[in-house]
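Worksheet: the structure to be examined is printed underneath.
The values are calculated or read from the model by the stated rules, or taken from the named source; none is laboratory data. It should be emphasised that the depicted structure is a prediction, and the values quoted were computed from it without experimental measurement. Here the Cβ positions follow ideal geometry from the backbone for every residue, glycine too, while neighbour counts run over all protein chains shown. Keep in mind that these areas ignore ligands, DNA and RNA; they rest on the heavy atoms of the full protein, side chains included. Shrake-Rupley method; radii C 1.70, N 1.55, O 1.52, S 1.80 Å.
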Amino acid sequence: MSCTKDPEVLENRKIVVWPQWLTAFAISLEAIVSGLANGWASPYLAQLTSETVDSDVPLKLTDIEASWVASLLSLGRVIGAFLGAFCQESTGLKKVLLLSSLPLLSSWILNICATSVTWLYLSRFCSGVGSGIMWPAMSLYLGEIANPAIRGSLISLNVNLASMGMFLGNVMGPYLSMEMFGYVSLVPNILFMVLFSLIPESPYHYALHGNIDEAEASLKWFRREADVKAEMRELQDFVDGASTSILTKFKDFLLPVNLKNILVMLGLILFVQASSFSTINAYAEIIVTNTKMNITPSIAVMALCFASVVAGFIAIFLVDRLGRKNLLILSSAGVTISYTALGLHFYLLSLNFDPENLTWLPITSLLSFNLFVCCGLATVPSTLVGELFPANLKNLASLFVFSSNAMWSFAFVKCYQPFVDLVGEAIVFWSYGLFVLGAVPYVHYLIPETTGKSLLAIQQSIKK
């Protein structure tokens, strides 16, 4: 499948992109913090639910309490998505991103002070609120400041560095107390607050509110060009006619072309959560233990998280070359095969096969799952949210997409253990794989290809 490149990108090859990469790396500090919050769950839920007495563990959780600790992060993301959307229009994406650091900061302070499960509930909920504010704003902000040739790579970088945070969380968890884990996690949080405060607001925000001089100054900072008149004209064409009135937005939102795009994205998000990436991350060490493989669970989980990081870096290089649709199709097919193999392992265990002879099967299937899910399903949707919608609907669209993503994530994580108790792991993973297989025709026929196109060119293509 060929990817049509925007003519402007092809004609203007000598572009300055280092300020955009610098910005992405500054934001990635907060993505790492969000990843650390996700990575916290696997090692510490295993410790907090273990029947073994450990003096380093401050409290013990029941399976029900553990399921709430695992899933409250996703519930918090729903609230965070609404808070972020409410603030974006008036304050701008930069201030919203800085705002996201406050609940994440609070979550680590609560984690350090935790002496009961209530503290953990509050900590996980605050982590979710911060993540829920951050991810929609991050996707939109990077989508607006990036050159079309690297837009997908910048967003994929941050999704991947969240995987890096998850990996670090799983590496630190077995060796650090919860208190020390919290102190370590505060460092990138504070660094982000300091560094990102020095970077300008998106030029699209200024243009949308009629602040042309500020928009031009911001554009010059990101492009490092004295004359940005041509790009300013395109920027103004993109925001031309965009209204900040809520009533007008809802009317535009219900237009067939926009309603179709939001429904398509909501369907894609359902497939993303059906892949149960959030569930696997939260219960990774418990799942590995249940496979009965003769490898230390914490070591196996570290390897799985490292595979996610590797896959994420692959996605950074491929998302603007191979194309969004191809990566999504490859990812969906790979996840289906991985779940089929993992379900087969648990089925063979139920037939009393020797787990020592099967060790290769769960480790291979879990590694391939992490590789495939992180090279497409976990990264590409965030890029598409920042590309498919006109200027005045980006905020509203991101609210619908990311809040739906968080609600589905909460549902899948919360229901995982009861689902396993009801039908067993084999049926659970086969069900996930069968559902995700439906993403292959869905993406092929319904997801538009946006690779290499400017935001204006994408809107012109959608309207046609």
Checklist entry - For the stretch 308-337, which residues satisfy the criterion of being crowded, with 20+ Cβ neighbours inside 10 Å, under 18 Å from the mean Cα position of the chain (by Cα) and within 14 Å of Ser368 (Cβ to Cβ)? => result Ser308, Ala311, Ser331, Ser332, Val335
Item to check | Condition met for Ile79 (surrounded by fewer than 24 Cβ atoms within 10 Å (Cβ to Cβ), at pLDDT 90 or above and β-branched (Val, Ile, Thr)) | outcome: yes
Item to check | Matching option when the condition is open to solvent by 50 Å² or more (accessible area, probe 1.4 Å) and either touching a residue at least 40 places away in the same chain (Cβ under 8 Å) or under 26 Å from Trp21 (Cα atoms) (or both), among Glu285, Glu225, Glu234 | outcome: Glu225
Item to check | Sole residue being among the charged types (D, E, K, R), touching a residue at least 60 places away in the same chain (Cβ under 8 Å) and surrounded by fewer than 20 Cβ atoms within 10 Å (Cβ to Cβ), chosen from Lys260, Lys292 | outcome: Lys292
Next on the checklist: Please go through the stretch 169-196 and give me each residue that is open to solvent by 40 Å² or more (accessible area, probe 1.4 Å), part of a helix (DSSP H, G or I) and within 23 Å of Leu59 (Cα to Cα), ordered by number.
Outcome noted: Val171, Glu179, Met180, Tyr183, Val184
Checklist entry - Among Thr340, Thr383, which is in a helix (DSSP H, G or I) and crowded, with 22+ Cβ neighbours inside 10 Å? => result Thr383
Checklist entry - Just checking, how many residues over the stretch 437-464 are under 23 Å from Phe271 (Cα atoms), polar (S, T, N, Q) and touching a Phe, Trp or Tyr at 6+ places or on another chain (Cβ under 8 Å)? => result 0
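Please tell me if Phe353 is out of contact with any helix residue (DSSP H, G or I) (no Cβ under 6 Å at 6 or more places or on another chain), surrounded by fewer than 24 Cβ atoms within 10 Å (Cβ to Cβ) and at pLDDT 85 or above. Give the derivation first.
Details: out of contact with any helix residue (DSSP H, G or I) (no Cβ under 6 Å at 6 or more places or on another chain): yes; surrounded by fewer than 24 Cβ atoms within 10 Å (Cβ to Cβ): yes; at pLDDT 85 or above: yes.
The answer is yes for Phe353.
The rows are residues; the columns are (1) β-branched (Val, Ile, Thr); (2) open to solvent by 10 Å² or more (accessible area, probe 1.4 Å); (3) touching a helix residue (DSSP H, G or I) at 6+ places or on another chain (Cβ under 6 Å); (4) farther than 15 Å from Phe192 by Cα.
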| position | (1), (2), (3), (4) |
| --- | --- |
| Ile112 | yes, yes, yes, yes |
| Cys126 | no, yes, yes, yes |
| Gly132 | no, no, yes, yes |
| Ala149 | no, yes, yes, yes |
Checklist outcome for this item: The one condition Ser365 fails out of (1) open to solvent by less than 20 Å² (accessible area, probe 1.4 Å); (2) touching a residue at least 60 places away in the same chain (Cβ under 8 Å) is (2)
Checklist entry - Exactly one of (1) within 23 Å of the chain's Cα centre (by Cα); (2) over 27 Å from Leu367 (Cβ atoms) is unmet by Val171. Its number? => result (2)
Checklist entry - Quick one: Leu99 ticks every box in (1) open to solvent by less than 20 Å² (accessible area, probe 1.4 Å); (2) farther than 30 Å from Phe419 by Cα; (3) aliphatic (A, V, I, L, M) bar one, so which box is it? => result (1)
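When you look at Glu387, is it charged (D, E, K, R) and touching a Leu at 6+ places or on another chain (Cβ under 8 Å), yes or no?
When the stated conditions are applied, Glu387 passes them.
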